[in-house]
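To start, the structure under review is shown below, and the notes come after it.
The values are calculated or read from the model by the stated rules, or taken from the named source; none is laboratory data. What you see is a predicted model; the values in this text were computed from it and never measured. Because the Cβ atoms are built from the backbone with ideal geometry, glycine has one as well, and the counts that use them run over all protein chains shown. Surface areas here come from the heavy atoms of the whole protein model, side chains and all, with no ligands, DNA or RNA. Shrake-Rupley method; radii C 1.70, N 1.55, O 1.52, S 1.80 Å.
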Amino acid sequence: MDSGDGGEVASAAAGPPTPLEWKFSQVFGERAAGEEVQEVDIISAIEFDKSGDHLATGDRGGRVVLFERTDAKEHGGNRRDLERMDYQASRHPEFRYKTEFQSHEPEFDYLKSLEIEEKINKIRWCQTANGALFLLSTNDKTIKYWKVQEKKVKKISEINVDSSKAAGNGGIASSSVSSSSKQFLANGDCSDRSYNSLSNDISFPPGGIPSLRLPVVTSSETSLVARCRRVYAHAHDYHINSISSNSDGETFISADDLRINLWNLEISNQSFNIVDVKPANMEDLTEVITSAEFHPTHCNTLAYSSSKGSIRLIDLRQSALCDSHSKLFEEQEAPGSRSFFTEIIASISDVKFARDGRYLLSRDYMTLKLWDVNMDSGPVATFQVHEYLRPKLCDLYENDSIFDKFECCLSGDGLRVATGSYSNLFRIFGCGTGSTEATTLEASKNPMRRQVQTPARPSRSLTSSISRVVRRGSESPGADTNGNSFDFTTKLLHLAWHPSENSIACAAANSLYMYYA
């Protein structure tokens, strides 16, 4: 199947798209066997920009690292020019390290006596301008707006004063003829003052210099400079879990457990509270906001998810405070299926719009759900991510793994969805009409090593084929669908799909793995 925006062309008439064969592309920050991972190096956010030519990652140490695509640049010209030349563009996206900068530092809230971690919770790209890159990054409390651009390095050419004797204080020492009788002081100066000195730093010999070459500022090479343009602080009482930039290029939202604020990029000292779910009495609190995202094209529409498993679509044109939603998406639980863990695993950890804004993808602890924004009666598709863990929910609750927040993503053509799991595994499902694609990959140089064999004969539904595999795998305790032992400490929480090609970037601890199909 061709990668790109023509996914809708492969309609039902052509049958379901064939499952993709994923290959390893690159790894950044690969650790050697037995090497211990430093906490500050663990990746906590991944985001492609809209063009797919840049990738940003954030880590628990408050750093943001940028990567840029190289395979398109090497051929010269942009993609459109290459297509005109009938040039077969490389199907193997390659990236290289571009730059990094310290986005956040650890802070201390003296009013609440709380430490504020430097960990980057989310990164979102903003519109580019004048060749500069703009992005938003946030930790638990403070959002920052960064501008990254190439600047020419200015160098000052040397003047023709003899600097053979380096001064102790960093200046240029006396350049007169050395004599054993002269006494030099500790700071590099000379006790013999028989010549004129114009300054403490630069000294001239008694006869002077025939021709003095003045320093000239030259700029030959360039370097990337990251500058913080705005700091949006003191607007959230609770930890920020989401930021999302608007399609209007001027505003963005930030969400914490109880409130969503609307900001203008140019104004950092005020924001508008557009959603507030905080009850008058905190004892009446039943649900919190877990994720929020703007519609990709409609600047007045946004969606936010809750810990009760519901997604609300709100329209900013309806009222200033959007406490009432325009649409509510939730799935009714089956009668008799309720247990102690029902509410915990129903909590949605991430919500994403498809590129055209028609579908919403949500991730709760056990499943991925695809919703049609025009149909709020229930999800159009449900994908079981790791059903074999259901008997182990007690253990997962004991070690707090049940509260892990897994992210999800959609392909640019909207035909596939992906999310992470434990043992550094991630899963890719086909959501096109009639598709039975369900691939399990491992974040390693051999991604197909843990591949679940899909049945050759198409089954009646995607969920039934998965459940058959699940039952087979869950017979052995502590094993995944292939009988491999799973590890709750290695989890793949963060991943991103390239906006126009079948390429995925995912984070396994401090390593960034990239795959293509």
Given the conditions (1) free of Cβ contacts under 8 Å to residues at least 60 places away in the same chain; (2) farther than 23 Å from Ile274 by Cα, report the number of the one that Gln384 does not fulfil.
(1)
Restricting to segment 355-385, name every residue that is among the charged types (D, E, K, R), in contact with a strand residue (DSSP E or B) (Cβ under 6 Å, 6 or more places away or on another chain) and not in a strand (DSSP E or B).
Asp376
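Where residues in segment 332-363 are of a type in the set (D, E, K, R) and open to solvent by 20 Å² or more (accessible area, probe 1.4 Å), which of them is nearest to Asn121 (Cα to Cα)? Quick ask: steps written out before the conclusion?
The initial filter retains those residues of segment 332-363 that are of a type in the set (D, E, K, R), namely 333, 338, 343, 350, 352, 355-356, 358, 363.
Filter again for open to solvent by 20 Å² or more (accessible area, probe 1.4 Å), leaving 333, 338, 343, 352, 355-356, 358.
Working: Glu333: 31, Arg338: 32, Glu343: 24, Lys352: 16, Arg355: 22, Asp356: 26, Arg358: 27 Å.
My answer is Lys352.
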Picked from segment 420-442 (must be among the charged types (D, E, K, R) and assigned to a strand (DSSP E or B)), the residue surrounded by the fewest Cβ atoms within 10 Å (Cβ to Cβ) is Glu442
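Conditions tested, residue by residue: (1) over 23 Å from His298 (Cβ atoms); (2) among the polar types (S, T, N, Q); (3) modelled with pLDDT of 95 or more.
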{"residue": "Pro206", "(1), (2), (3)": "yes, no, no"}
{"residue": "Leu212", "(1), (2), (3)": "yes, no, no"}
{"residue": "Pro215", "(1), (2), (3)": "yes, no, no"}
{"residue": "Asp237", "(1), (2), (3)": "yes, no, no"}
{"residue": "Ile240", "(1), (2), (3)": "yes, no, yes"}
{"residue": "Ala255", "(1), (2), (3)": "no, no, yes"}
{"residue": "Pro279", "(1), (2), (3)": "yes, no, no"}
Of the numbered conditions (1) closer than 27 Å to Lys50 by Cα; (2) not in a loop (DSSP other than H, G, I, E, B), Leu396 satisfies every one except a single condition; which is it?
(1)
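Can you work out which of the residues in segment 108-141 that are open to solvent by 80 Å² or more (accessible area, probe 1.4 Å) and hydrophobic (A, V, I, L, M, F, W, C) is farthest from Asp49 (Cα to Cα)?
Leu111
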Segment 249-303 - residue that is in a loop (DSSP other than H, G, I, E, B) and among the charged types (D, E, K, R) and, of those, nearest to Arg124 (Cα to Cα):
Glu250
Got at least one residue in segment 307-318 being surrounded by 12 or more Cβ atoms within 10 Å (Cβ to Cβ) and touching a helix residue (DSSP H, G or I) at 6+ places or on another chain (Cβ under 7 Å)?
yes
Scan of segment 243-284 for residues that are over 22 Å from Cys228 (Cα atoms) and without any contact (Cβ under 8 Å) to a residue 12 or more places away in the chain, ordered by number:
Pro279, Ala280, Asn281, Met282, Glu283, Asp284
Does at least one position in segment 356-374 carry a residue that is farther than 22 Å from Asp49 by Cα and more than 26 Å from the chain's Cα centre (by Cα)?
yes
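Quick check: anything in segment 386-394 surrounded by fewer than 20 Cβ atoms within 10 Å (Cβ to Cβ), within 17 Å of Ala334 (Cα to Cα) and out of contact with any helix residue (DSSP H, G or I) (no Cβ under 7 Å at 6 or more places or on another chain)? Give the derivation first.
Step one: list which residues in segment 386-394 are surrounded by fewer than 20 Cβ atoms within 10 Å (Cβ to Cβ), which gives 387, 390-394.
Adding the requirement that they be within 17 Å of Ala334 (Cα to Cα) leaves 387, 390.
Retained after the next criterion (residues that are out of contact with any helix residue (DSSP H, G or I) (no Cβ under 7 Å at 6 or more places or on another chain)): 390.
Within segment 386-394 (the criterion being surrounded by fewer than 20 Cβ atoms within 10 Å (Cβ to Cβ), within 17 Å of Ala334 (Cα to Cα) and out of contact with any helix residue (DSSP H, G or I) (no Cβ under 7 Å at 6 or more places or on another chain)), the answer is yes, since at least one residue qualifies.
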Given Ile243, Ile274, which one is within 20 Å of the chain's Cα centre (by Cα), within 30 Å of Asp49 (Cβ to Cβ) and aliphatic (A, V, I, L, M)?
Ile243
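If you take just the strands (runs of 3 or more DSSP E) that sit entirely in segment 1-95, which of them hold at least 3 residues that are under 17 Å from Ala443 (Cβ atoms) and at pLDDT 80 or above?
On the way: elements: 23-28, 43-48, 54-59, 63-69.
Passing ranges, in order: 23-28, 43-48, 54-59.
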Mind checking whether some residue in segment 340-353 is more than 29 Å from the chain's Cα centre (by Cα) and part of a loop (DSSP other than H, G, I, E, B)?
yes
